[in-house]
Amino acid sequence: MKYAILIGDGMADYPLDVLGGGTPLSAAATPNMDMISSRGSIGLINTIPAGFPPGSDVANLTVLGYDPAESYTGRGPLEAASLGVRLSPGEVAFRCNLVTLGPGEAPAMEDYSAGHISTGEAKELILALDRELGAGAFRFYPGVGYRHLLVCRGGGSLKTTPPHDIVGRSAVKYLPAGEDEAPLRELMRKAREILEAHPVNASRLRAGENPANSIWPWGQGTSPRMTPLTSRYNIRGGIISAVDLLRGIGVLAGLEVIPVEGATGYIDTNYAGKAAEAVTALHRGCDLVIVHVEAPDEMGHEGKVKEKMRAIEDFDAKVVGPVLREIALLGSFRLLVLSDHPTPIVKRTHVGDPSPFCVLSSEPGENRGRGMPFTEKSAAESGIIVSPGHSLIGCFLGDWGAFVAARR
């Protein structure tokens with residue numbers, strides 16, 4: 001049997017007056033997800049256990065069958081795994097955003113992504129920081145777009161805040177805080193001096209673009225211990241994502257990281273290329289392929305309703321549709337589509353509410369077929385909620401028929 005998991009990051013949302021009480025997911029044209037939901041099974045999955053931050057790190061560990069209480073140490077070490085960075089005992093990895101801070105002694109967080117700076121520009125800046133500041137306790141590693149990695153000795157107990165949670169607020173109130181705060185705060189001060197004087201930012205200002213004038217470390221942690229998903233289920237699998245977080249989870253889960261040219265982690269990503277590579281992976285022997293699309297989440301963070309709808313529609317038309325058509329030609333299959341967590345337009349950040357999922361199987365008796373479209377409302381009305389969420393993948397890769405039969 002072939003398996004595919006398609007993740008529209010942050011697709012789920014809250015009802016909006018501007019959409020007549022609908023959500024971007026319910027208002028978007030999603031014929032492929034609606035077909036999977038109406039013919040297959042729909043429900044809710046609780047991806048954020050109580051007490052954990054509602055982020056894509058916790059949510060996607062859950063989606064891949066890992067209990068965050070046992071495997072989650074922070075976002076940073078997951079991204080380190082993607083970059084091939086091994087953490088020594090005592091080392092802590094931080095996610096390190098390039099951001100835009102405003103002027104003055106108490107600057108506001110103006111942009112958590114520095115205008116969605118390009119990977120090429122960002123790499124130049126991060127390497128400059130590593131040359132100037134990377135000796136001794138700190139090391140910088142370039143990632144994708146505004147998303148990078150900082151490794152240091154200590155700092156694991158600091159309180160840090162995701163920059164997308166504080167847009168428009170005074171950043172000073174959210175600086176790393178705790179017993180070891182001084183070295184990291186000093187690093188951020190020095191980094192700002194270097195970044196503000198860098199030619200890349202001079203060019204960006206001339207072009208009317210937000211400068212990447214500061215770093216923002218957050219999501220720190222030490223190396224997690226995870227048994228590979230491929231070993232647990234005796235399968236061969238691959239993962240496709242533009243972002244280091246998902247690729248790092250994939251590495252630790254024993255999945256092959258499949259590159260896609262033009263995958264940006266934004267609304268302009270190469271949707272069709274992701275679908276094509278997923279199909280190729282299934283044809284060349286992968287039992288399981290996971291495709292992650294970041295664009296709906298980014299539009300949620302930016303509070304852009306029409307653009308979030310467009311991202312969802314592109315995901316449906318250019319990823320879900322092609323993968324569904326091709327996997328059906330390979331014989332027995334199961335296809336899971338879900339939002340890993342909601343990123344509501346009104347919040348502009350993640351929340352821990354359960355998210356909708358739907359599954360279509362080629363096997364008789366493994367579908368509920370209740371004719372419900374793929375929306376948050378349908379998922380809630382289905383009466384199915386998977387909690388703890390990390391149990392879903394065992395059913396999906398195992399006895400899905402029993403799961404469905406128990407909920408008829």
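Throughout, read-outs are computed from the coordinates displayed, never taken from laboratory work. Just so you know, these numbers come straight off a predicted model, no measurement behind them. Here the Cβ positions follow ideal geometry from the backbone for every residue, glycine too, while neighbour counts run over all protein chains shown.
Loop-resident trypsin sites (Lys or Arg not before Pro) (DSSP state other than H, G, I, E or B) in the range 73-158 with no more than 13 further Cβ atoms inside 10 Å of their Cβ: Arg86. Across all directions, the shadow cast by the convex hull of the range 81-221 built on its C-alpha atoms averages 7.9 square nanometres. Among the trypsin sites (Lys or Arg not before Pro) found in the range 206-285, those both in a DSSP coil and sparsely packed, with 10 or fewer other Cβ atoms within 10 Å of their Cβ, are Arg225, Arg284. The relative contact order of the chain comes to 32 percent, based on Cα pairs under 8 Å that sit 6 or more residues apart.
Considering only Ser214, Ile117, His148, the residue lying farthest towards the positive end of the dipole of the range 81-221 is His148, judged by Cα position with unit charges set on Cβ. When every Cα-Cα distance of the range 1-113 is counted in 5 angstrom steps from zero, the calculated P(r) takes the values 2, 8, 12, 14, 16, 16, 14, 10, 5, 3, 1, 0 percent.
For the chain, a crude dipole built from +1 on the beta carbon of Lys and Arg and -1 on the beta carbon of Asp and Glu, taken about the Cα centre, is about 460 debye to the nearest 20. Exposure proxy shown here: for Phe52, Phe140, Phe333, Phe94, the number of other Cβ atoms within 10 Å sets the order, fewest to most, as Phe52, Phe333, Phe140, Phe94. The longest part of the chain holding none of the exposed loop GluC sites (Glu not before Pro), meaning those outside H, G, I, E and B in DSSP with at most 11 other Cβ atoms within 10 Å, is 262-408. With contributions of -39500 (n - 2.57) from each DSSP H run of at least four residues, the per-residue ellipticity at 222 nm computed over the chain stands at -9500 deg cm²/dmol.
Pick the calculated Cα extents along the principal axes in Å for this structure from (i) 80, 64, 39; (ii) 63, 48, 37; (iii) 69, 54, 37? Step by step, Cα extents along the principal axes in Å for this structure corresponds to label (ii). Relative contact order for the range 62-210: 23 percent, from Cα pairs under 8 Å spaced at least 6 residues apart, divided by residue count. With only Cα atoms counted, the range 81-156 has Rg and Dmax values of 13.3, 39 Å. Between the alpha-carbon centers of the range 301-350 and the range 59-88, tell me the distance in whole angstrom. First find each Cα centre; the distance between them is then 23 Å. Total lysine pairs in the chain at Cα distances under 28 Å, for residues eight or more apart or on different chains: 29.
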